[in-house]
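One structure below.
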Amino acid sequence: MTWSEMQPLLEQACWDTLYMVGWSTVIAIVGGLPLGVLLVLTDKGGLLQNVVANKVIGQVVNVARSMPFIILMVALMGFTRSITGTTIGREAAIVPLAIGAIPFFARLVETAVREVDGGLVEAVQSMGGNTWTIVRKVLVPESLPSLIASTTTTIVALIGYSAMAGTVGAGGLGDIAIRYGYQRFETELMWITVAILAVVISLIQFAGDYAARSLHRRGGRSGAAPKLRLLKAATATSKTV
């Protein structure tokens, strides 16, 4: 196969992969961010402590995360067909990709939010802030560098999932690697596909790491957070006096 024959295939496959991963990432963030925050809020000692709800949500997340993606795709075929009208193609692949990514991202969000200094939460509470204010002004802004790193990890994982989705007709670079590289013994095309995936993942990882480091150097904070730190320090000083 010549380069002139490979080029249109690779271009379309790249766009298909970006389309699937892009929409799946957006849905994963929209669904996983509140779910991860809720896991923290409902945990023991949390602002919305509810041990039963926390255990139920946590168990659902654990079960969804433990399921291999290729099995998840097959299990969700009926659900996917009811939403998209088909079980093949890039639109259909978005459904299992997003559902598989939401619990994955939720656990990463939970870990990131737990790292926030509890003293800042107490400071907002002492000023009469409610739970929504604490989430919006403290938990999310303070954990933003870690959330960006978590998003990067999720995107990289979704690229791998999308390659697996290509094995069942989802399109994308995985589909090219299987149909042409494996089934038609076009080894050169397969290795080009592998190289493209490696470059894309490296660029995404670099961009994510750079953004997270930049926010961390600047504090990764909202405008209100430094004031909360000052308040915390002033409160601690007054107590010692």
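None of SER146, SER162 is at pLDDT 90 or above and either out of contact with any strand residue (DSSP E or B) (no Cβ under 7 Å at 6 or more places or on another chain) or of a type in the set (A, V, I, L, M) (or both) except SER146.
With a requirement of 2 or more residues that are in contact with a Phe, Trp or Tyr (Cβ under 7 Å, 6 or more places away or on another chain) and open to solvent by 20 Å² or more (accessible area, probe 1.4 Å), the helices (runs of 4 or more DSSP H) lying completely within the stretch 91-199 that satisfy it span 144-165. Within this structure, PHE105 passes the test of being among the aromatic types (Phe, Trp, Tyr), in contact with a helix residue (DSSP H, G or I) (Cβ under 8 Å, 6 or more places away or on another chain) and at pLDDT 90 or above.
Okay, residues lined up against (1) under 24 Å from ILE94 (Cβ atoms); (2) open to solvent by 60 Å² or more (accessible area, probe 1.4 Å); (3) under 14 Å from the mean Cα position of the chain (by Cα); (4) of a type outside the set (Asp, Glu):
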site	(1), (2), (3), (4)
TRP3	no, yes, no, yes
GLY22	yes, no, yes, yes
LEU39	no, no, no, yes
LYS55	no, yes, no, yes
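For residues in the stretch 75-90 being buried (at least 19 other Cβ atoms within 10 Å of the Cβ) and either under 14 Å from the mean Cα position of the chain (by Cα) or β-branched (Val, Ile, Thr) (or both), which is farthest from LEU139 (Cα to Cα)? My answer is THR87. Within the stretch 46-74, if we keep just the residues that are of a type in the set (Gly, Ala, Ser) and either outside any helix (DSSP H, G or I) or modelled with pLDDT of 90 or more (or both), the residue that is farthest from VAL140 (Cα to Cα) turns out to be ALA53. The sole residue among VAL124, VAL26, VAL60, VAL135 that is in contact (Cβ under 8 Å) with a residue 40 or more places away in the chain and within 24 Å of ALA157 (Cα to Cα) is VAL60. Going through (1) assigned to a helix (DSSP H, G or I); (2) of a type outside the set (Phe, Trp, Tyr); (3) at pLDDT 90 or above one by one, ASP43 falls short only on (1).
The values are calculated or read from the model by the stated rules, or taken from the named source; none is laboratory data. Everything numeric here is computed off the predicted structure, so don't read it as measured data. Backbone-built Cβ (ideal geometry, glycine too); neighbour counts: all protein chains shown. The accessibility values were calculated without ligands, DNA or RNA, using every heavy atom of the protein model including side chains. Shrake-Rupley method; radii C 1.70, N 1.55, O 1.52, S 1.80 Å.
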